[in-house]
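Some notes on the structure that comes next.
The values are calculated or read from the model by the stated rules, or taken from the named source; none is laboratory data. For clarity, every value in this text was computed on a predicted model and none was experimentally measured. We place every Cβ from the backbone using ideal geometry, glycine too, and count neighbours over all the protein chains shown. The accessibility values were calculated without ligands, DNA or RNA, using every heavy atom of the protein model including side chains. Shrake-Rupley method; radii C 1.70, N 1.55, O 1.52, S 1.80 Å.
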Amino acid sequence: MRIRVHSINSNMKLGLFFLCLIMLFNGVGQGVLGNSKNPILVNSPDGKVNLKLDYENNGFTYQLYWDGELLVKSSLISLISGVELDISTTTSRTVDENWKPVWGQFSSIRNLFNETTILLNNEGVEVSLICRVFNNGIAFRFISNKNDLIKEAAYRCDFNLPENSSIYFPFGEREPEGPIDVREAVGPIKLPVVVELSSGKHLSLMESDLYSAHGFGVMNFHREQDLLYSSNRVETTTGDITTPWRVILFEEAIGNLLTNTVLLNLATPNQLDDVSWVKPGITLWDWRVHGYEAPDGFQYGINTESYLRFIDFAAENGIDYFLIDDAWYTEIREGHIEHSDKLNLSKVIEYAEERGVDLLLYYDRRKGSYGDENLFNHYQQLGMKGIKYGFMKEDVSFTRKAIELSAESGLLINFHDSPVPFTGISRTFPNAITKEYCHAQLDARRTFTPDTFIKMALINAIQGPLDMNNGNFDIIGINSGKRDKGPRKTGTYHSTVVAEAARTLIIFSGLVCLPDAPESYRAKHDLFEFIKQQPVGKWDETEVLHGKMGAYISTARRYGQQWFIGSAASQKGATLDIELDFLSEGKTYQITYYEDSDQTHYISNPEAYIVRRGTVKKGDVINLYMAPGGGHCMWIRP
């Protein structure tokens, strides 16, 4: 066997250790491993990441170092048990390529990694372990050619973290858990797990490309004594085995986990021949507006006139979509959806077409089955551009099929109500536009606070686009309890209007779903400008400028020569310095600030805000103020 050893970090603490490994590998014969106890070393392209693998007793253990620091102590990774396998060959390669996503946080993504594939063999039974090492992440995947092994498959990856590590993880429609010592964590532990090391570095424990891992269910984490381990439920007993990628991301700053592209690079490439119909954008949404009384006395509800008003506002403001949620139908059965007599859906569809606004429709599996093989074609025949699919549950094969069928019918799909995370799916099927893998606005308001938002922005969003329904402007009205589907308890919606605007940018999604009434946005049209000017999903570049768990987050996104910057603070408020060193040299830019006032407060005065304009240039520093529970927005253009 010949191991390709890339340049390694010259850190003095590990220099001698790695030198010994290289000397050891140089004595191994080409093509075949003479001694299975020899460790295997895979380094990152920049030489700073060192992955060490040991194979003994038919199992692998790995250790991970970054810039000389031990990130993961000796940990098991395995697929099968009870089968005697020996390492027969290893192969290595380096990949350095660029690819363009259909939509996303970047217009171009670099895919750079070193890879070693270890082949284990015994009398025709072959199992390969593929190890990829990026400059800011590592990934493992097993592939087996024997379908009779799947009955014994137990895909497991341990994460033996250093002492004094704290972890965070999502907790359904409640505030994410953490910080928690690994030894005190209890289930359910969902991905992504975010790890804060005592050194200040940050990890995220993840998976990618579940789409191509047929037979495997949703990844979950468990605690065993002092370590975490992950497992995937096996749903089927037929077919060859391709596991999901087990992934560890690592960054100095926690916010950089949100822009780490390793998960997308690991995903199966785009499967759609024609993507011209896949258009990210902004949508209005009716569900949370029911019961709202407009200034002219009109009361919104499930009726034709309400929906025509939404469509008019969308057309006037260049908003791409209008989403009609539950209650547009009364019954679902095989091959039939009974429309509600409260509205004339045909008239709404015709009017939207006349006004150039595309429609999205909700579907709830719990209310009956139309027949999923025909459902998406039916939505297409209605003239819909997308489907919001509720209550899919953690059914991987069912979700996978829904994504494929919706693509065949030219429909965007937005999964709600505890969806399968399917990390990286927006690359594979760009029509998978977003999902509610979070605590959405106005759901179970007892657990949603400004702190909760920041935690979800730094944890849940790592797995991909989120539909969080940010952007309420009539906060006082919502808190009064006069809406049909407002907070369960009055006065518990804690935010500011500027924070709401900022959140539409901070939370990345291919579909930004606005939950408030047209009149609410019209009344604050100068602030609404920040939202409607965003080229949602068409970003050229994204950077998280500041991020601190439960304290604040500040995100900048570029489209051409325009920059949009959104920041949000916890209940304590915050001040941050934004250095405009990303602007071009020698140019003067217009800037619009959308700010909390000195009187703004997320409870007592949530709708006070200021809009002002000025000019800036490269090198300027903006000292921004955010009220308690507040936010700050900037729109910069030449």
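One line per residue, one yes/no per condition, for (1) modelled with pLDDT under 95; (2) closer than 23 Å to Gly301 by Cα:
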site: His339; (1), (2): yes, yes
site: Leu345; (1), (2): no, yes
site: Val348; (1), (2): no, yes
site: Gly371; (1), (2): yes, no
site: Asn374; (1), (2): yes, no
site: Asn377; (1), (2): no, no
site: Gly383; (1), (2): no, yes
site: Asp395; (1), (2): yes, no
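Can you name the number of the only condition in (1) within 27 Å of Glu595 (Cβ to Cβ); (2) open to solvent by 10 Å² or more (accessible area, probe 1.4 Å) that Phe453 fails?
(2)
Give the residue that is most open to solvent (accessible area, probe 1.4 Å), with candidates limited to residues of the range 232-247 that are more than 14 Å from Gly424 (Cα to Cα) and modelled with pLDDT of 90 or more.
The extreme case among them is Thr242.
Check whether at least one residue in the range 315-325 is closer than 22 Å to Leu412 by Cβ, charged (D, E, K, R), in contact (Cβ under 8 Å) with a residue 12 or more places away in the chain and in contact with a strand residue (DSSP E or B) (Cβ under 6 Å, 6 or more places away or on another chain), and report yes or no.
Yes, because at least one residue in the range 315-325 is closer than 22 Å to Leu412 by Cβ, charged (D, E, K, R), in contact (Cβ under 8 Å) with a residue 12 or more places away in the chain and in contact with a strand residue (DSSP E or B) (Cβ under 6 Å, 6 or more places away or on another chain).
Just a yes or no: is a residue in the range 49-63 modelled with pLDDT of 50 or more and part of a loop (DSSP other than H, G, I, E, B)?
yes
Specify the residue that is most open to solvent (accessible area, probe 1.4 Å); the eligible residues are those in the range 462-495 that are of a type in the set (Val, Ile, Thr) and touching a residue at least 24 places away in the same chain (Cβ under 8 Å).
Within the range 462-495, the match that is most open to solvent (accessible area, probe 1.4 Å) is Ile476.
Yes or no: the range 611-634 includes at least one residue that is under 31 Å from the mean Cα position of the chain (by Cα), acidic (Asp, Glu) and open to solvent by 10 Å² or more (accessible area, probe 1.4 Å).
no
Being β-branched (Val, Ile, Thr) and in a strand (DSSP E or B) is the filter; apply it to the range 95-118 and report the residue that is surrounded by the fewest Cβ atoms within 10 Å (Cβ to Cβ).
The qualifying residue surrounded by the fewest Cβ atoms within 10 Å (Cβ to Cβ) is Val95.
Residues of the range 458-510 being over 26 Å from Glu529 (Cβ atoms), in contact with a strand residue (DSSP E or B) (Cβ under 8 Å, 6 or more places away or on another chain) and charged (D, E, K, R), which ones?
Listed by number, the list holds a single entry, Lys482.
Of the conditions (1) part of a loop (DSSP other than H, G, I, E, B); (2) buried (at least 22 other Cβ atoms within 10 Å of the Cβ), Ser554 satisfies every one except a single condition; which number is it?
(1)
Between Asp581, Asp526, Asp596, Asp540, which is under 25 Å from Ser426 (Cβ atoms) and of a type outside the set (A, V, I, L, M)?
On inspection, the qualifying residue turns out to be Asp540.
Return yes or no: is Ser92 in a strand (DSSP E or B), open to solvent by less than 10 Å² (accessible area, probe 1.4 Å) and at pLDDT 95 or above?
Judged against the criteria, Ser92 is not a match.
Right, Tyr594: open to solvent by less than 80 Å² (accessible area, probe 1.4 Å) and either assigned to a strand (DSSP E or B) or hydrophobic (A, V, I, L, M, F, W, C) (or both) or not?
yes
Among the residues of the range 280-310, which ones are in contact with an Asp or Glu (Cβ under 9 Å, 6 or more places away or on another chain) and assigned to a loop (DSSP other than H, G, I, E, B)?
Pro280, Asp286, His290, Gly291, Tyr292, Ala294, Pro295, Asp296, Phe298, Tyr300, Gly301, Ile302
May I ask you to list the residues in the range 348-357 that are free of Cβ contacts under 8 Å to residues at least 40 places away in the same chain and either part of a strand (DSSP E or B) or open to solvent by 40 Å² or more (accessible area, probe 1.4 Å) (or both)?
Answer for the range 348-357, where residues must be free of Cβ contacts under 8 Å to residues at least 40 places away in the same chain and either part of a strand (DSSP E or B) or open to solvent by 40 Å² or more (accessible area, probe 1.4 Å) (or both): Glu350, Glu353, Glu354.
Pick out the one residue from Ile332, Ile387, Ile319, Ile311 that is of a type in the set (A, V, I, L, M, F, W, C) and over 31 Å from the mean Cα position of the chain (by Cα).
When all the criteria are applied, what remains is Ile332.
Results for (1) over 30 Å from Ile462 (Cβ atoms); (2) touching a residue at least 60 places away in the same chain (Cβ under 8 Å); (3) among the polar types (S, T, N, Q), shown as yes or no for each residue.
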{"residue": "Leu375", "(1), (2), (3)": "yes, no, no"}
{"residue": "Lys393", "(1), (2), (3)": "no, no, no"}
{"residue": "Phe415", "(1), (2), (3)": "no, no, no"}
{"residue": "Pro421", "(1), (2), (3)": "no, yes, no"}
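Among the residues of the range 570-577, is there at least one that is in contact with a helix residue (DSSP H, G or I) (Cβ under 8 Å, 6 or more places away or on another chain) and closer than 18 Å to Thr452 by Cβ?
Yes.
Run down Arg288, Arg309 and say which single residue is over 17 Å from Gly383 (Cα atoms), touching a residue at least 24 places away in the same chain (Cβ under 8 Å), of a type in the set (Lys, Arg) and in contact with a Leu (Cβ under 9 Å, 6 or more places away or on another chain).
On inspection, the qualifying residue turns out to be Arg288.
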